[in-house]
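Input: a single structure, listed below in C-alpha cells.
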Amino acid sequence: MNPLQRAASIRKASYLAAIVVLFTVSMVWRGTIPVPLGTSTASAAQPFRWLAQHTIQSQAQRLELWDLDPNETEVEVSGSAVRLALTGSRGFVVTALWLSAIEKQKRNDFHEFQDRVRWVTKLQPNFVTPWIFQSWNIAYNVSVEMQGSGDMYYYIVRGIQLLAEGERRNKRSPDMRYQIAFYYQNKFGVADNVETLRCLFDLSCMPPSERNPDNLRRPSDDNPAIKVVDRDAFRRFCEKHPHFVRRVRGKDNVSMDARQAAEKLRAPTPEDVIQFLEANYKELPCRYRKDAKGNWTDELADPEPDKYFPVLPPRFNEGPDEAHPEIATLDDASSPGGYFSAFKVARAWFTYSLVLLPPPLKDERGEPIPGPTPPPGVGGHDPSKHRIPRLPMMIIFRQGAPRAQSYAAEVEQKEGWFDNEGWRIDDPLERPDEWWFPDATRSRPLDVVVGTERQWSYEEWQRAAEMWTRHGKANAMSLDAEQLQRLRELAGDQSPLPPTMSFEQISDPNLRRRVMAATALQYYQTNRSVTNFGYFLHAAEAEAYTVNGRPITVQARKLLWQAERAKTEPIKALRLYQEGLKLWKEVLDKNPKFHRLPPPDRGDRTEEETYEYELGYFRLLVQHDPRVLERANQIAHTASGLIPFLTEPFVKDNADQIDPLWPSANKEEIKWFVVENVGDADFSSPFVGSLTRDGTPWIREEIKEMVRSRQGVGRAGRTLTPADSQEQPNR
C-alpha cells in the first residue's frame, strides 16, 4: 500500500472512530446509555455521579419535561411517531388543523371538531396554550350550542377531561391545574342551567347501583307486568342523596327570572325523579367501570382523565384532606366535609396548583411578609420545582381554595341546608297529589325528614373560616397592629429609598431591611384591595358565629330564608322575618367588621343583604299587616291638629271610600313612611329607629338607593314603570 493510500485509510478510520466516539458521548449525554460508575458510591466516582445527574434525560425527568415516559399508552406513542415523522413541518400541520377545527366549530360539526382538537394536542403535547384554549372552547363555546342540558353536560365534561389529560402530560403547569378548578367552580356554580348541571354532577358521583332506575321500581300488585315506584326503595334513595332529591324536585328556589324559571328542573313526583335517572343512566360520565357485558358496576374506574368523571387530582402531601381518586364520592357520605359538590373538586385542584408555586417572601425572622414573588434562587424559589403562573396575579391565584370553600358554604344556604334539622319532604298543607310519601289512607303525609346527619352550612363556614385564617397567615394578608407598626418603624422615611432596586441588589443590610419593609407595606394594601381578603375572612368568621354553641348567624339566615319562601302565608312570613331580623341585627352588632369593613378595606355586600331582607319585610307589612294602617291613622290624626282638614287615610267602616286627600299613591306613601320610620311599634324592623355602636345608621342611604335601583322599585317600594322612573328623583 503506497503512502497516499495508507494516509487515506488512516484518515477514514479516524473519522469513523470520531463519529463512534461522538455518537457514544451524545448517547451518554442524552441518558440513553447509562454513565459508567454513575451509581457507584466510591469517592473516586464523584465526577461520574455528577455527570449521571446532569444528563439530558435525568434533568428532563427531574423537571418533568420529557416527551415520552414509561407510562405512556399506545395512543400517545402513536402521536409521538407522527411528530417525529413530520419533523420540521409539524408547525404547518398544527396550524392547518387549528384552522380546520375553527371551521368545523362554525359549522356545528362538533364530532369532527373534537377530532381536530385531539390531533392538535397530540402534535403539541407540551405546549400548554392549546390544551387550555381548546378545553375552554369545548366547555364554554361548544357546550352552550347544545339544546339539551345532558348534551351541554357532556361537552363540559369533555372540556375538563381534555385539560386534565393535558395536565397529566405537563405536570409542571400550575395554570392548567388552576383552570381545571375554575371550570368546576364556574360551570357547576354560576353557569346557565346550573341546577340541572349540578344534578347530573351528583349522578356522576353516585354508584351506578344506587341510581339504577330498575332498583327503584317493583311489579304492580294488580298487574305484575307493570312497574310502579317502590316507595321503600325510593325512600332509602332520598335518605341517601337528600341534596340531589331536593334539587331535582325544584320547589325551593323563589328568586328566579323568567329565563331561569323556564330552565329550572322540576320533578314533582317520584316517577318523574326515576325517569330523570333513567334518561341519564347508560351514557352518563362517571367514576365507575363497566363489566365485560357493558353494564355498570360499583367498582371505581382507572383514574385516567379521559375515562372517568369527575376528574380528581392525585393524592399529594400538601392536601391530605382533599378529594383524590382513591376516595368514594357518595352524595352525602363523602369525607371530609359532607356533601361532595363540584366546589369540593375545585378546592382540591386549587390546592394542588399551589404545590408548584414558590414559597411566599419571608423576612429575616422567617415570617411571611408581603412582597413580590422572590426571584429564582432566593427565598426557597427553586426553578427545578417551582413555576410562576401566568394568570391571575399570584396573590389571587393563592386564594382559590378558600374561595371555593366559601362558595360551597353559600350554596348550602341558598339551597336550604343550614343545620341538622334536615328537609321535610312532604308538607301537610300541600295538595295530597304532591305528597311523595302519603300514609296508607292518603289522608296525611308520612313524616319523612332527610339530611339530618350534619350541621350543613355551619360546618362548611367553619371550614371556610379556618382556611381563610390559614391563608392570611401563610401569605401575610392579616398582619396585626404590632406587625404593621414594626414595618412602619423599619421603613422610616420612604422618600429617599431607591424605587427600582431589588432586595438582592442592595448591599447595605440596613438599607435592604428598610426597602423590604417599605415594599411590604405597599404590597399589603394592594394585596388586600385586589383580593377583597378582609371581607371574605370576616364574612366566614361571622357566618360561623356562635353563642353558647348555638350558631346564631346560621339560625338567622335560616329564618330569613324561610320567610322569603313563606310569602303566600303572610302571617307566618311576617313572624319569620321579625325573628330573623332580630337575630341578624345581633350578628351585625357582634361582628362589626362583617357589617362594615373599616378603611382601607371596603365591602358593602352585608349592608346590601341586610336591606334586601328588610325590604322584603317592609313589603309584607305594607301589603298585609293591619297594624300599619292603624299607625298611619294615628299619625294622620295627630297631624290634624296642625292641618284641621286632614282626615284619616284608612276608614275602617268603608275601606273603598274615595277621599281626595288620600288617593292610592298617597296611601302607599304613608304606609311606607310608617314601616320605614316608626321604630316603637310591635311590628317595627329592629333596624328602624336605632343606630350602631359608633352612632351611624345600620344601612346607609346610598346603599338603600342602590338596592332599590337594582330591584327596580321606587321610594315607596312599588315597582317602577318606564313612565314614573323619570319621577323617581323627586320622590
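The gain in end-to-end length when the ARG90 to ARG470 segment is fully stretched comes to 132.1 nm, 0.36 nm per residue minus the alpha carbon separation.
Put simply, the amide H of THR546, placed in the peptide plane, has neighbours under 5 Å in ILE552, leaving out anything fewer than 5 places away on its chain.
Taking Cβ atoms as reference points and 9 Å as the exclusive limit, the residues near PHE418 contribute a net charge of -1, counting Lys and Arg as +1 and Asp and Glu as -1. Amide hydrogen proximity for ARG390: with H placed 1.01 Å from N in the peptide plane, the residues at 5 or more positions away or on another chain lying under 5 Å are ASP175.
Candidates GLY294, PHE276, THR647 compared by Cα position along the dipole of the chain: farthest toward the positive end lies GLY294, with charges placed on Cβ. Taking a straight line from the alpha carbon of LYS293, these aspartates and glutamates sit under 16 Å away, with near neighbours fewer than eight places off in the same chain left out: GLU283. Neighbour counts of other Cβ atoms within 10 Å put GLU608, GLU459, GLU430, GLU614 in the fewest-to-most order GLU430, GLU608, GLU459, GLU614. Ignoring lysines fewer than eight residues from LYS290 along the same chain, the ones with Cα atoms less than 21 angstrom from its Cα are LYS282, LYS307. Cross-linked pairs LYS104/LYS414; LYS240/LYS590; LYS251/LYS704; LYS106/LYS251: Cα-Cα separations exceed 32 Å for LYS104/LYS414; LYS240/LYS590; LYS106/LYS251. Shown for TYR15, TYR339: other C-beta atoms within 10 Å of each C-beta, ranked fewest to most, produce the order TYR15, TYR339.
Ranking ALA13, THR41, PHE133 by how far each Cα lies toward the positive end of the dipole of the chain (charges on Cβ) leaves ALA13 at the top. For the chain, the Cβ-based charge dipole about the Cα centre amounts to some 3020 debye (Lys, Arg positive; Asp, Glu negative; other atoms uncharged).
Helix 194-205 and the longest principal axis of the C-alpha atoms of the chain enclose an angle of approximately 50°. Between the amide H of ILE33 and those of VAL28, distances stay under 5 Å, these residues lying 5 or more places away or on another chain, with hydrogens modeled in the peptide plane. Dipole size of region 564-715 about its Cα centre, with +1 on Lys/Arg Cβ and -1 on Asp/Glu Cβ: approximately 360 debye, rounded to the nearest 20.
Between the listed residues LEU163, LEU197, TYR183, the Cα displaced farthest toward the positive end of the dipole of region 161-203, a dipole computed from Cβ unit charges relative to the Cα centre, is found at LEU163.
Between helix 400-414 and the chain there is an angle of about 30 degrees, using the helix long axis and the longest principal axis of the Cα atoms. Per-residue 3J(HN,Hα) values for region 106-118, derived from phi via the Karplus relation 6.51 cos²θ - 1.76 cosθ + 1.60 with θ = phi - 60°, read 4, 8, 6, 8, 6, 5, 5, 4, 5, 4, 5, 4, 4 Hz in sequence order (x marks Gly and Pro). In the chain, helices alone account for a calculated mean residue ellipticity at 222 nm of -16500 deg cm²/dmol, with every DSSP H run of four or more residues adding -39,500 (n - 2.57). For helix 701-711, report the angle its Cα long axis makes with the longest principal axis of the Cα atoms of the chain; keep it between 0 and 90° and round to the nearest 10°. Value to nearest ten degrees: 80. 3J(HN,Hα) along region 6-12: 4, 5, 5, 5, 4, 5, 5 Hz, from the Karplus curve 6.51 cos²θ - 1.76 cosθ + 1.60 with θ = phi - 60°, whole Hz, x for Gly and Pro. Ranked by the mean number of other Cβ atoms within 10 Å of their residues, highest first, the peptides 42-48, 112-118 fall in the order 112-118, 42-48. If you add up the charges near SER457, with Lys and Arg at +1 and Asp and Glu at -1, over every other residue whose beta carbon is less than 10 angstrom from its beta carbon, what do you get? Once positives and negatives cancel, what remains is -3. Rounded to the nearest 20, the Cβ-based charge dipole of region 306-409 about its Cα centre (Lys and Arg +1, Asp and Glu -1) stands at 320 debye.
The string of couplings for region 685-696 from the Karplus curve (6.51, -1.76, 1.60, θ = phi - 60°) is 5, x, 8, 7, x, 9, 10, 6, 5, 8, x, 9 Hz, one whole number per residue in order, with x for Gly and Pro.
No lab work stands behind these numbers, since they all come straight from the coordinates. Since the structure is predicted, the reported quantities are computational estimates derived from the model, not experimental observations. Methodologically, a virtual Cβ is constructed for each residue, glycine included, from the backbone with ideal geometry; neighbour enumeration extends over all protein chains shown.
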